[in-house]
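Undergrad: Submitted below is the structure of interest, expressed as structure tokens.
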Amino acid sequence: MIIKSESNEKYKYLNKLKKKKYRKKFNSFIIESIKIVEQIPKDFECEFVFVNEDMKDYETNFKKIVFSNKLFDKLSLLENPEGVSACLKIKNQKEISSDKILLLDHIQDPGNLGTIIRSAEAFSFKDIILLNSCVDIYNEKTIRASMGSIFRLNFIEVEINDLKDLLDKNYKLVLADMNGKSVDYYKSCDKIILAIGNEANGISKSLKGLSNDFVSIKMDGRIESLNAAIAASILMNNFSQSG
């Protein structure tokens, strides 16, 4: 059966999931593109795969729903959708288990967040703390920029007081800042939390109140600053080479 009506309950449900408040309400999110759908790991619950009528013969082990091309295009946020998407349940966060943790402080650009997530996996930062209302990690742009890394990392949303509890467990909180010390100064630390600040305003005052340790990236030329995702990637790469 090909679903062709906007009054269909599955269509209305998926259309709602394009908004953060409904992703939170239903604890579900959408992924797009064949490459990402085929990376769904076993520890994620897939409600169903949905395709357009051109891809109705797409083979999957999950339940499959077929929409008309017109309805599928309305559900997609891609300019040129491939015709294959899926609806997944959001996985519960786990306890932090890493010695090197990435903390993101009010990151607002979904593309930046997705790129940071991808780099975090590359450089073995398996736990990512989200502080001060970062952009939703289940935003479609974030998911696409992460290239599947979002499936394999642990995300923890915390308040500033929760962070204090982590610091009591011998983690050193290191804040990315233009005026900070060289990353080499902190490479000997056994357990660190590397904090990357907001794209426009940097590290928040509340976070600065918890640490006097600042790390910077040496730069030549007349460059004043780096994109948050690039800075995070360089610093994580440096820290991954420590110890």
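Undergrad: All but one of (1) under 23 Å from the mean Cα position of the chain (by Cα); (2) more than 13 Å from residue 99 (Cα to Cα) hold for residue 193; state the number of the condition that does not hold.
TA: Single failed check for residue 193: (2).
Undergrad: Let me ask something else. Given the residues 226, 173, 166, 194, which is the only one that is surrounded by 17 or more Cβ atoms within 10 Å (Cβ to Cβ), more than 30 Å from residue 86 (Cα to Cα) and modelled with pLDDT under 95?
TA: One residue alone meets the criteria, 166.
Undergrad: Inside the range 1-120, counting only helices (runs of 4 or more DSSP H) that do not spill past its ends, which hold 1 or more residues that are within 18 Å of residue 148 (Cβ to Cβ), open to solvent by less than 50 Å² (accessible area, probe 1.4 Å) and free of Cβ contacts under 8 Å to residues at least 40 places away in the same chain?
TA: Output list is empty.
Undergrad: Within the range 1-58, can you find the residues that are over 17 Å from residue 84 (Cα atoms), among the basic types (Lys, Arg) and more than 21 Å from the chain's Cα centre (by Cα)?
TA: Correct list: 12 only.
Undergrad: Could you list, in sequence order, all residues of the range 199-223 that are under 22 Å from residue 117 (Cα atoms) and open to solvent by less than 20 Å² (accessible area, probe 1.4 Å)?
TA: If the condition is that a residue be under 22 Å from residue 117 (Cα atoms) and open to solvent by less than 20 Å² (accessible area, probe 1.4 Å), then 203, 207, 215 are the ones that fit.
Undergrad: Give 226, 194, 210, 173 a once-over and let me know the one that is in contact with a strand residue (DSSP E or B) (Cβ under 7 Å, 6 or more places away or on another chain) and free of Cβ contacts under 8 Å to residues at least 60 places away in the same chain.
TA: Step by step, each of 226, 194, 210, 173 is checked, and only 210 is in contact with a strand residue (DSSP E or B) (Cβ under 7 Å, 6 or more places away or on another chain) and free of Cβ contacts under 8 Å to residues at least 60 places away in the same chain.
Undergrad: Considering only residues of the range 123-137 that are touching a residue at least 40 places away in the same chain (Cβ under 8 Å) and open to solvent by 30 Å² or more (accessible area, probe 1.4 Å), which is nearest to residue 235 (Cα to Cα)?
TA: 123
Undergrad: Restricting attention to the range 103-111, does a residue exist that is among the hydrophobic types (A, V, I, L, M, F, W, C) and farther than 30 Å from residue 188 by Cα?
TA: Within the range 103-111, not a single residue is among the hydrophobic types (A, V, I, L, M, F, W, C) and farther than 30 Å from residue 188 by Cα.
Undergrad: For the range 229-243, enumerate the residues that are under 14 Å from residue 99 (Cβ atoms), in a helix (DSSP H, G or I) and modelled with pLDDT under 95.
TA: Within the range 229-243, 239, 240 meet the criteria.
The values are calculated or read from the model by the stated rules, or taken from the named source; none is laboratory data. Since we're looking at a predicted model, the values are computed, not measured. FYI the Cβ positions are ideal-geometry reconstructions off the backbone, even for glycines, and counts take in every protein chain you see. Please note that ligands, DNA and RNA were not included when accessible areas were found on the heavy atoms of the full protein model with its side chains. Shrake-Rupley method; radii C 1.70, N 1.55, O 1.52, S 1.80 Å.
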